[in-house]
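Read the figures in this text as sums done on the coordinates, not as results from a lab. None of the values given here were measured: they were computed from a predicted structure. Positions of Cβ are backbone-derived with ideal geometry, glycine not excepted, and every protein chain shown enters the neighbour counts.
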């Protein structure tokens, strides 16, 4: 299974929603993909971050996983080298409007 597929399935397993996958290759040389998703509450937000880490390790990915945020964070940022994941509690995503900021970047909606 592809690296980003593992991440996307990990998000879906914990019922993350409004999942957008941005192709960042034309915008920056540092990351290839940015994934943004919404959650219903803090507990779900942290559960998804934990699930992503666990599933990547199970799939044999040895890349470093850096994470900003914890169980009390409305926005968790995961730096997975060429992929960056933003997990937002729904209301927080509306405040920061990353989707509007990257509206010119190629994007796909992920539905399981």
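Structure above, values below:
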item	result
Protection proxy ranking of 98-110, 22-34 - average other beta-carbon atoms within 10 Å, highest first	22-34, 98-110
Compactness index (Cα Rg / 2.2 N^0.38 Å), the chain	0.98
Pairwise label distance in nanometres, residue 41 with residue 72, each label 7 Å out on the Cα-Cβ vector	1.8
Rounded FRET efficiency, nearest 0.05, which uses the C-beta distance separating residue 1 from residue 30 and R0 of 35 Å	0.90
FRET efficiency for residue 109 and residue 64, using Cβ-Cβ distance with R0 set to 25 Å, rounded to 0.05	0.30
Inter-probe distance in nm under a simple model that places probes 7 Å from Cα toward Cβ, at residue 57 and residue 98	2.3
Ordering of 76-84, 50-58 by burial proxy (mean other Cβ atoms within 10 Å per residue, highest first)	76-84, 50-58
The range 3-110 - share of DSSP beta bridges that are antiparallel (%, nearest 5)	70
